[in-house]
Amino acid sequence: MTATTLSPALVSHLPTGMLVDGHWGPATGGRTFEVVDPATEEVLFDVADATPEDGRRALAAAAQAAPAWRATAPRERSELLRAVYERLVARADDVAALITAECGKTRAEARAEVLYGADFLRWYAEQAVRFDGLARTAPAGGNRQLVHRRPVGPALLITPWNFPIAMATRKIGPALAAGCPVVIKPAHLTPMTTMLVAEVIRSELEDRGLPAGVVNVVPTARAADVTSPLLADPRLRKVSFTGSTAVGRTLLEQAAGQVLKASMELGGNAPFVVMADADLDAAVEGAMVAKLRNAGQSCVAANRFVVHESLARAFAHRLADRFAALRLGHGAEDGVDLGPLIEPKAVDKVDELVADAADHGAQVLTGGERPGRKGYFYRPTVLSGVDRDARVVTEEIFGPVAPVVAFGDDDEAIELANGTEYGLAAYAYTTSLDRAVRLSEELEAGMIGINRGMVSDASAPFGGLKQSGLGREGGEAGLEEYLETVYVAL
């Protein structure tokens, strides 16, 4: 345990088991897996490693709770979510410390994630009482048309490791608001924050006399063994996944057997386009935000910096100066700007991508190496003169590496930006309104930031085009993913 990160009082109240029907307990057979601090390589926790049988028990609890939760008044569901929001905000420092310990983020960034993640609960507390419906006379007359909404049913929520509170609340919030009980499978690299959120919800459910099986958690290091049987179970009616496109395809294939309602937030390869007329200072500032959140380990992180040839050299060198000044270290330490990557293979992949770019003629302006210290660190790196066919351009980096590719005219910029199978996020900098409108219309991405390096907001739809996924999370659209539409001819 890293004493600088977690207080004994916090640790003593953290669940490390499974949550099934309102009770925390060990996995069947008692098997566990380790959660490691990526900055120190120290083991933080031993967590219950759920089995397929445990997953089925969790789904049974959710299915049993479904009728009562569906019948619970929308206002009561709303007040539950609001209470959980307030409790998490009140404990923001403790929750942030836990994120820093298991995920590696700096203290400031972890705290910002707590507030961002909690905001999904506040937003969906407000949306829980605002279901739309319809009542009208049919155009031909003779009958009335009634349209109403109802919860889709028990949902399986599979969350990623990189935003352990926000990715959980972005799914839990709309599911509970809609009246759907859930089974959560948190990422095995960072399960503790999600489990803490689940414990706060469990406590609120108990205090209010609401069904215990509304929220269930099955942590496991053997995800496919646990989720595959659930996806084949007729009691499950919805799956929501955030993660890689490859895993998303597999889950969609499995979900097809029961024709499950599915939402998938998958991989990204976000372009960051700097047009010839861009404000260079603003573009560099935006690049720092868009690239380095969670050390670049974000699906919406800027992956490729597509910069007009008149600005490419100046942009790359200014960005390199900013990157070189960043201080690496444990996120709980004062003055640290950038934490570690999540695991050794993440560092290996980033190193391979940088080496491949150099082999293709790219110049390493700063970074390009491991710092030679304990922990899974990689120096923030800027590459100039990158070949557009280098792997660092065509693959999702998920690390603190910024490859700069030059373009000649606007058409080439758009062609380069759209030249990927992914379409999650895109960023563009320009001082021209005409260019801004064209980019917003022609960039193939579900989310576009114009002169802004951050697009995420609890009140806005989050999701992508092409092989970046299906459906949306956040905003009004996020609630739709957990509702069915029923038409009655009266």
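Any read-out appearing in this document is the output of simple, stated calculations on the displayed coordinates, not a laboratory observation. Being a predicted model, the structure only gives us computed values, none of them experimental. Here Cβ is always computed from backbone atoms with ideal geometry, including for glycine, and neighbour counts include all displayed protein chains.
Going by how many other Cβ atoms sit within 10 Å of their own, how do Val114, Val129, Val182 line up, fewest first?
Lowest count first: Val129, Val114, Val182.
Taking 29 Å as the cut-off for C-alpha to C-alpha distance, list the pairs among Lys261/Lys349; Lys105/Lys171; Lys374/Lys466; Lys105/Lys349 that go past it.
Lys261/Lys349; Lys374/Lys466, as the Cα separations exceed 29 Å there.
Give the angle, between 0 and 90 degrees and rounded to the nearest 10, that separates the Cα long axis of helix 344-359 from the longest principal axis of the Cα atoms of the chain.
The answer is roughly 30 degrees.
In whole Å, how far is the Cα centre of the stretch 32-54 from that of the stretch 231-289?
Cα centres, the stretch 32-54 to the stretch 231-289: 26 Å.
Below 8 Å, C-alpha to C-alpha, sequence gap of six or more: please give me the relative contact order for the chain in percent.
18
Among rounded, prolate and oblate, which fits the stretch 270-457 when a ≥ b ≥ c are the square roots of the eigenvalues of its C-alpha gyration tensor, a/c under 1.5 means rounded, and a/b larger than b/c means prolate?
Prolate shape, in that a/c is at least 1.5 and a/b is the bigger ratio.
First check a/c for the chain, with a ≥ b ≥ c the square roots of the eigenvalues of its C-alpha gyration tensor; if it is under 1.5, answer rounded, and if not, answer prolate when a/b is larger than b/c or oblate otherwise.
Oblate, because a/c is 1.5 or more while a/b does not exceed b/c.
Which of Leu252, Leu115, Leu383 has the fewest other C-beta atoms within 10 Å, and how do the rest follow up to the most?
Starting with the residue having the fewest Cβ neighbours, the order is Leu115, Leu252, Leu383.
Determine the distance separating the Cα centre of the stretch 156-174 from the Cα centre of the stretch 340-392; give it in Å without decimals.
Cα centroid to Cα centroid, the span is 29 Å.
Which of rounded, prolate or oblate describes the stretch 427-473 when judged by the alpha-carbon gyration tensor and an a/c cut-off of 1.5?
It comes out oblate by the Cα gyration axes.
Obtain the nm distance between the two label points defined at Val147 and Arg370 by a simple spin-label model: each point lies 7 Å from its Cα along the Cα-to-C-beta direction.
A separation of 5.7 nm, rounded to one decimal place.
If you build the convex hull over the alpha carbons only and average its shadow over all orientations, what do you get for the stretch 95-235? Give it in nm² to one decimal.
Hull-based average projected area comes out at 11.3 nm².
In degrees between 0 and 90, to the nearest 10, how far off the longest principal axis of the chain does helix 92-103 point, with axes built from Cα atoms?
60
If amide H atoms are built 1.01 Å from N in the plane of the peptide, which residues on other chains or at least 5 residues away come under 5 Å of the amide H of Val215?
When sequence neighbours closer than 5 places are left aside, the close amide H contacts are Val182.
Binning at 10 angstrom from zero up to the longest distance, how are the C-alpha pair distances of the stretch 397-490 distributed in percent?
In order of increasing distance, the bins hold 14, 38, 30, 11, 5, 2, 0 percent.
So between Val89 and Lys345, what do we pick up on full extension, going 0.36 nm a residue minus the alpha carbon distance?
This chain segment gains 88.8 nm when fully extended.
Return one number: the angle in degrees, 0 to 90 and rounded to the nearest 10, between the long axis of the Cα atoms of helix 192-207 and the longest principal axis of the Cα atoms of the chain.
With rounding to tens, the tilt is 30 degrees.
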